[in-house]
1. Which of the residues spanning segment 27-53 are open to solvent by 40 Å² or more (accessible area, probe 1.4 Å) and either assigned to a strand (DSSP E or B) or more than 20 Å from LYS106 (Cα to Cα) (or both)?
2. Can you give me the number of residues within segment 54-71 that are polar (S, T, N, Q), within 26 Å of SER119 (Cα to Cα) and open to solvent by less than 60 Å² (accessible area, probe 1.4 Å)?
3. Only residues that are within 26 Å of ARG53 (Cα to Cα), modelled with pLDDT of 95 or more and out of contact with any Cys (no Cβ under 9 Å at 6 or more places or on another chain): list them for segment 9-30, please.
4. Check ASN74 against each of (1) surrounded by 15 or more Cβ atoms within 10 Å (Cβ to Cβ); (2) modelled with pLDDT under 95; (3) more than 22 Å from SER17 (Cα to Cα) and name the one condition it does not meet.
5. Residues in segment 78-110 that are part of a loop (DSSP other than H, G, I, E, B) and open to solvent by less than 10 Å² (accessible area, probe 1.4 Å): how many?
6. Find all pairs meeting these conditions: Cβ atoms under 7 angstrom apart; at least six residues apart or on different chains; first residue within segment 52-73 and over 16 Å from TYR95 (Cα atoms); second residue among the hydroxyl-bearing types (Ser, Thr, Tyr) and crowded, with 16+ Cβ neighbours inside 10 Å.
7. Identify all residues within segment 1-19 that are outside any loop (DSSP other than H, G, I, E, B), open to solvent by less than 50 Å² (accessible area, probe 1.4 Å) and under 13 Å from ASP90 (Cα atoms); write none if there are none.
Amino acid sequence: QVQLVESGGGLVQAGGSLRLSCAASGRALSDYAMGWFRQAPGKEREFVGRINRSGYSTAYADSVRGRFTISRDNAETTVYLQMNSLKPEDTAVYYCAASRITWSQKPDYWGQGTQVTVSS
């Protein structure tokens, strides 16, 4: 029932920053743990990070830790992925996902994805 919509992707130079947003319709995001995945052409989908329902707990893949930050706004209407110090290998389609109650690597809902391209 819940629909997730990502936005904020685009083309950025290496070393630059982008902020992706994920908003939901049909149900409040406060009911879900939220996460991000990415998939480059010809590669498997890769876990990027997640944030729990309260926003107190986050976890990240080793490849992005220290560069990417997941957050939730105060009204729990939007989840963000702040991406800093971007590298060409970060180029991928980025997907927002939602898990009921607690985070699962098999989320209940997925967004359509947004393209991020990092140029050298």
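1. The initial filter retains those residues of segment 27-53 that are open to solvent by 40 Å² or more (accessible area, probe 1.4 Å), namely 27-28, 30-31, 39, 41-47, 50, 52-53.
Residues satisfying the conditions are GLN39, PRO41, GLY42, GLU46, PHE47, ARG50.
2. 2
3. Of everything in segment 9-30, those that are within 26 Å of ARG53 (Cα to Cα), modelled with pLDDT of 95 or more and out of contact with any Cys (no Cβ under 9 Å at 6 or more places or on another chain) turn out to be GLY9, SER17, LEU18, ARG19.
4. ASN74 satisfies every listed condition except (1).
5. Within segment 78-110, residues that are part of a loop (DSSP other than H, G, I, E, B) and open to solvent by less than 10 Å² (accessible area, probe 1.4 Å) number 1.
6. Close Cβ pairs (under 7 Å, with a partner that is among the hydroxyl-bearing types (Ser, Thr, Tyr) and crowded, with 16+ Cβ neighbours inside 10 Å) amount to ARG53/TYR32.
7. GLY10, VAL12, LEU18 - these are the residues of segment 1-19 that are outside any loop (DSSP other than H, G, I, E, B), open to solvent by less than 50 Å² (accessible area, probe 1.4 Å) and under 13 Å from ASP90 (Cα atoms).
The values are calculated or read from the model by the stated rules, or taken from the named source; none is laboratory data. If you're wondering where the values come from, they're calculated on a predicted model, not measured in any experiment. Cβ coordinates were reconstructed from backbone atoms using ideal geometry, including for glycine residues, and neighbour counts include every protein chain displayed. Only protein heavy atoms, including side chains, enter the accessible area calculation; ligands, DNA and RNA are left aside. Shrake-Rupley method; radii C 1.70, N 1.55, O 1.52, S 1.80 Å.
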